Every structure is written in C-alpha cells, then in structure tokens.
Amino acid sequence: MDTKSIEATALSIRSLSMDAIQKANSGHPGLPLGAAEVAAVLYGQVMKHNPADSKWKDRDRFVLSAGHGSMLLYSILHIAGYNVSLDDIKNFRQVGSKCPGHPEVEITDGVECTSGPLGQGIAAAVGMAVAESMLAARFNTSRHTIVDHYTYALVGEGCLEEGVSSEASSLAGNLKLGKLIVFYDENKISIDGCTDITFSDDVQKRYESYGWQVLRGSMYNVKEIEDLVNMAKGEKNKPSIIILKSVIGKGAPNEGTAGVHGAPLGEEGCAAAKKALGLPENEKFYVVPEAYKYFEERRKELAAEEQKWNAEFDAWAKENPELAKKWDAYWNAKPTAEVSAPSYAVGDKLATRDASGKSLNCMADRFEWLVGGSADLEGPNKTKIKNNDGVYCAENRKGRTIEYGIREFAMSQVVSGINLHGGLRAFGATFLVFSDYFRGSLRVAALSKLPNIYILTHDSIYVGEDGPTHQPIETIASLRCIPNVQVLRPGDAEEAQVAWEMALESKDHPVCMAFTRQALTVYAKDDKDWRNTARKGAYVVQTGSDSPDITILATGSEVEMSLNAAKLVEGKKIRVVSVTDKTLFEAQSEDFQKKIIGNAKRIVVAEAGVRMGWEGYAKKVDLFTIDRFGESGPANKVAEYLGFTSAKLAEVLKR
C-alpha cells in the first residue's frame, strides 16, 4: 500500500467536504471528516472498480448507509475519477446538482444506492450480496469465474439503531453472506449528543449472535484497515463487520461533539480545521496533488483489471454459448423460455391470490431471472415457485425462492438491493395490511425508480376472522399516494395475469399488486380488447349503454359485487368499469376517460376501503366505500355487518 497517497486522499476528502458544506451552508461534516480513511482505502486500494465504467457488472459495490455523510462519497468519487467534477461538488445541495443532499442512484456517477433514511443502506447491501452469490452460482464454471465481487457498506450508530438493520443483519448471518463487509464508524455521537443516552448495545456481541465475524481497529490506521478487509475476505461463511473507532468531525474545533454532526463549521471553523489538519488555510476546495496523481495511475490499473475480466468473459462466452445467451437475457430482462399464460373460462371461481400463484409460476418459467419470496407467508401469499432450483440458502445459491422470515422491511430493501445490483428481478410478498412495515423502503424504491414487485394478498375485510388488525382499510389509498408507485387491484383471475404482465414490464417504478383471499368469479367482458385497454388503468366490463344512467367505477372484488348489484336494479342502464389502476387511469387523456365512463348521468364508486382519492368522481352518498375499521368474524358476516354487500350497493343504485 502507498500509505502516503492514501492519507493524502483522506485529507483531500476532508478538505472538499468541509468547503462544499460551508458553501451550501447546509450538510453533515461530522462523518466525512471523521471517516475519510475508510473511503480512501476502499477506492484507492481495496475495491475492484473502474471509474471509466461505473456500470462494470463485476465491480465491487459500496453503499454509504449513513447517507447524511454524502460529501464523503462525492469527494472520493471526484478524486478517484468518476464523472463528478469540482464544479459539481461546489454545487452541493443545490437544485439540479449531481451532488444532492443524500446520495441518489442514477443522479451521481458511481452512487450504487439511494440512502439517507438510516438502516436502509445496509439492508440494500444485503440484497446486493445475495444477487452476487446467485449469479455466481448460475454462471461461473470450473474453468471461468465471471462473477466474483464484494459488497461493502459504511454504517453509523444511527443505522444500527434503526430496526431494519437488525432485520437485515440477522438475515445476512443466516444466509452466511461471506462477501458482505460492513464498516461501522464508531464515533459514539448522534444529533442529540453522546449515543450513550439511548444506545448501550454491545455491537460486537450483537453481531456475533447474528452469525457475523466481528473485527476491530482504528479509523486512522490505513494499513490496518486494509489488513482487516483481508481478514474479512478470509472468512467465507460469515459476513463481516469491521468496527472502526473514530472521532466525529476530526480536525474541527468542535470535533467529538454533537455540534459537528449536522451543521457547517463556519468560515472560522473551516480555517481552524484546515490549520489543524495541515491544509492550506486560505485555499478552498483543495485537493492534495499527490491524491490526484495517485488515482491517475490507479485508474490505469483498474481499467486493466476490467480488460482482464473482459477477456475472461469472452473466453467463458465462447466455451458456454448457451450460458452466454442466458447472461444476456438476465441482464436485459429478456425471456429465457416461451411459456403460455394460464387461461380461464367465464364462470371459473378462484381467489385472485390463487390466480397470482399461477401467474407467478408462468412468469418464473418464462423469466428464469425472476427471484423472490414471502415474509413467512409463502402458503397464504401463493408464492411457491414450483419448477425452480429450490430455496436460496448458504448450501444452495442457485435457489430462486428467498425465505425472508418475518422481516417485511428488510425484505423490501433486499428486493431493492437485488434489483439495484442488476442481472435479476426480485419480488417480495406479504399481507396487504403489512405493507405498512416496509412503506419507508417502498418510498425510497419509488424515488430510485426501482422496478420492485410486491405481491400483497388478503386485500380487504374479506380476510374475515383475523379481524380489523389484518383487514386493510386505508392501505390501498395510502399506497396510491406515493409518487411513482403503481397499485394494481385486479378483479378476477384473468385480470391477475394482466397485472403480472404489467409488473414485469415495469422498468422504472415499483408495482404493488393487491389480491383477494376470497374466491371471485371470472366474468364476461364486453370490451373484447380489454387486455390492452386495462393497461391504461380501466376498461368497460359491462357496457350498459353509451349514455348509461349510472357508471360504477369498481376495483378488485367489487367488480363482481357491482355486476351482481346491477342485476338487482330494474329500469336503469348501468355500466360497470374495472379500474385496475386508478392512478394510471387518471393519467390518460380526457377523451379516454370519457370513453370509459360514458355519458353517465351519475357515477358510483365501489371499493372495499376508504373513500380518500375518489371524492372527485362522485357525491359522498355515491361513494360505496368502507371508512371505518372492520370486525372479526366470517367474511360474509363481516360484510353484512358493515353493510358492504351487493344488495346494499343495489340500494345505492336505486336512489
């Protein structure tokens, strides 16, 4: 190791970070000043990466879980030679900047994961490590290794206090992810003061109990950090956490205090810090020339390493043409087999969760790169992939079914990590009401434009005996209000297949599919091109008339309810519309919406959830919704008690 150059790089990270934060008059200097060495060692000595090709498939991944310290990452990316200029750094935290307040994937070259909500980064890193091991098992051969990289993450006390880190770390230990290496920046400070006021965990014992290797060292001994990484790599059957003792805000006048965590140092503070660190006091955005020079040479070595991999890949592809075709399919989301979709006849009766299970297996056969599982609900969620390679575990990295355990939040972030890694497409599943457990992850996935797939069953009061704790009322509305989240609620088995097709076609947004526990009848559809029309968010199931007396906008199980209610009403022309995706329907042209709704004299909405979001379509008396919590009892009895039946809907229609 060129210790002097690595230390010059760490010094430069501190210089750029304090000046960028001061110029923006906003930011978190504590972490980049306190933990600069770990970034310098990783990018300058340890990691396999190439700044000239930040999307190299076999690169090591680094996730800054403590995303508030974003200037640490932007600084090292700039010095290392990624497409992050000095002007970008000077524009830190400004509108349109490549250096936003917290790291955002696809905005900044070299950023692997949107982070900032604490704990979510380490959970995504677990997903990346899972993806690496899955792809290695599928594509490496006895003669050629084309997938062989590590996932690194940097966490602080805040990440370890958030529950999602516990969920994810427990899962990672159980899966024996030996190529996951996490650095813990142990500075004992949070916003409100010393972490002792709230955080007295023995982190070493905690992680040992998870099944991790625990190593300790100093943040300020760069050679020791490299040695610790090598020790971590030597442990093949356990993830490793390297605890590095540090001083928050090192070099600042208020180092080691809560005051340096999240506020600029001030002009005098910056000058004092530069003096203490041996930096030019009056020069802003200074990079030690030796750091630039070191990475100029290092980039040549890194580019050569990728060229070597390219040669290995070409030799592998030549020897394994069928595997090479699969590799292309995996990384470009292409079919790996031609498989017919399940078919149904009018009158068939099955729950849409059962139909989803059939569609999932169709898609799993069609797309070998589809992987995922449930939060301990494989049976109820109908997520068993039948013709697969078994359950993913330490002994079977080829498995496509991931058993997440009762860890919805971590599950969602692992799904994000797998999808961020690339080469695979991941889904997660639970009951609809428990989507609240992963809502924070879903929001970040939507912000990151990740095509996560969520299978959410037991979608209404028809859960029945489990009662109001398990009967979602406000959940669908709350999911719809997250920007860039697609919410699909199919009304029968045929629509469930179309929902799955739409989910797999997504490239830039998460898709939540809500399925029923109770059986629904496959209904006739007046729109003969309904499969294409439904992809616009709504289609006409029962025409009624071009100028109906009433148009019912229904979702999910309420489509069948509406068809049955219409039969109970005499003397009125009633149109029934299945709104498969309310948000998508509202994004269509006014002409399309009018065509679907018709010249209706009156609109009635039917959905087994709160009225929120439907108020613009109908008067309050015509919103056939449920605006209270449910009850415990057999499904039909609960529906009768709440007045949510076809007969009650017919009374609304007769008004």
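The values are calculated or read from the model by the stated rules, or taken from the named source; none is laboratory data. Fair warning: this is a prediction, and the values are worked out from it, not measured in the lab. Ideal geometry is used to build each Cβ from the backbone, glycine not excepted, and the neighbour counts take in all protein chains shown. To get the accessible areas, we keep the full protein, side chains included, count just its heavy atoms, and leave off ligands, DNA and RNA. Shrake-Rupley method; radii C 1.70, N 1.55, O 1.52, S 1.80 Å.
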Per the list (1) touching a residue at least 60 places away in the same chain (Cβ under 8 Å); (2) open to solvent by less than 60 Å² (accessible area, probe 1.4 Å); (3) over 25 Å from Q413 (Cβ atoms), residue check on S190 breaks on (3)
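Can you spot a residue in segment 82-102 that is modelled with pLDDT under 95 and among the charged types (D, E, K, R)?
Pass one, segment 82-102, residues modelled with pLDDT under 95: none.
No, there is no match, as no residue in segment 82-102 is modelled with pLDDT under 95 and among the charged types (D, E, K, R).
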The number of residues in segment 317-344 that are open to solvent by 50 Å² or more (accessible area, probe 1.4 Å), farther than 30 Å from G491 by Cα and not polar (S, T, N, Q) is 8
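Could you grab me the full set of residues in segment 543-561 that are of a type in the set (D, E, K, R) and open to solvent by 20 Å² or more (accessible area, probe 1.4 Å)?
D546, D549, E560
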Picking from I603, I626, the residue that is in contact with a Phe, Trp or Tyr (Cβ under 8 Å, 6 or more places away or on another chain), open to solvent by 30 Å² or more (accessible area, probe 1.4 Å) and over 23 Å from R531 (Cα atoms) would be I603
_Can you find a residue that is part of a helix (DSSP H, G or I) and among the acidic types (D, E) anywhere in segment 354-371?_
yes
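Scanning segment 372-395 for residues that are part of a strand (DSSP E or B) and touching a residue at least 60 places away in the same chain (Cβ under 8 Å), which turns out farthest from R517 (Cα to Cα)?
Step one: of segment 372-395, the residues part of a strand (DSSP E or B) are 372-374, 391, 393.
Now narrow it down to the ones that are touching a residue at least 60 places away in the same chain (Cβ under 8 Å): 372, 374, 393.
Numbers: G372: 21, S374: 16, C393: 29 Å.
Taking the candidates together, the pick is C393.
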Only one of (1) open to solvent by 50 Å² or more (accessible area, probe 1.4 Å); (2) β-branched (V, I, T); (3) closer than 30 Å to N396 by Cα does not apply to I181, and that is (1)
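Within segment 243-276, can you find the residues that are within 25 Å of Q45 (Cβ to Cβ) and either assigned to a strand (DSSP E or B) or open to solvent by 40 Å² or more (accessible area, probe 1.4 Å) (or both)?
Narrowing segment 243-276 to residues within 25 Å of Q45 (Cβ to Cβ): 243-251.
Correct list: I243, L244, K245, V247, K250.
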Residue hits (segment 279-294; in contact (Cβ under 8 Å) with a residue 40 or more places away in the chain and assigned to a loop (DSSP other than H, G, I, E, B)) are L279, K284, F285, Y286, V287, V288
Taking segment 594-632 and keeping residues free of Cβ contacts under 8 Å to residues at least 24 places away in the same chain and farther than 19 Å from G556 by Cα leaves K594, K595, G616, K619, K620
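Condition first: closer than 30 Å to A311 by Cβ, at pLDDT 95 or above and crowded, with 24+ Cβ neighbours inside 10 Å. Can you find one or more residues in segment 7-27 that meet it? Explain how you work it out, then say what you get.
Going residue by residue through segment 7-27, those that are closer than 30 Å to A311 by Cβ are 9.
Those left that are additionally at pLDDT 95 or above: 9.
Retained after the next criterion (residues that are crowded, with 24+ Cβ neighbours inside 10 Å): 9.
For segment 7-27, residues closer than 30 Å to A311 by Cβ, at pLDDT 95 or above and crowded, with 24+ Cβ neighbours inside 10 Å: present.
Each row is one residue, and each column tells you yes or no for (1) among the hydrophobic types (A, V, I, L, M, F, W, C); (2) touching a His at 6+ places or on another chain (Cβ under 9 Å).
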{"position": "R517", "(1), (2)": "no, yes"}
{"position": "V540", "(1), (2)": "yes, no"}
{"position": "T543", "(1), (2)": "no, no"}
{"position": "M561", "(1), (2)": "yes, no"}
{"position": "V576", "(1), (2)": "yes, no"}
{"position": "E590", "(1), (2)": "no, no"}
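So which residues in segment 208-242 are acidic (D, E) and either crowded, with 21+ Cβ neighbours inside 10 Å or not in a helix (DSSP H, G or I) (or both), if there are any at all? Steps first, please.
In the first step, residues of segment 208-242 are kept if they are acidic (D, E); the result is 208, 224, 226-227, 235.
Within segment 208-242, just E235 meets the criteria.
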Reported set for segment 422-436 where residues are part of a helix (DSSP H, G or I) and either of a type in the set (G, A, S) or closer than 22 Å to G357 by Cβ (or both) is L432, V433, F434, S435
If we ask which residues in segment 67-101 are part of a loop (DSSP other than H, G, I, E, B), of a type in the set (A, V, I, L, M, F, W, C) and surrounded by 20 or more Cβ atoms within 10 Å (Cβ to Cβ), their number turns out to be 3
Review point. Within segment 410-421, is even one residue outside any helix (DSSP H, G or I), modelled with pLDDT of 95 or more and open to solvent by 20 Å² or more (accessible area, probe 1.4 Å)?
Key: no
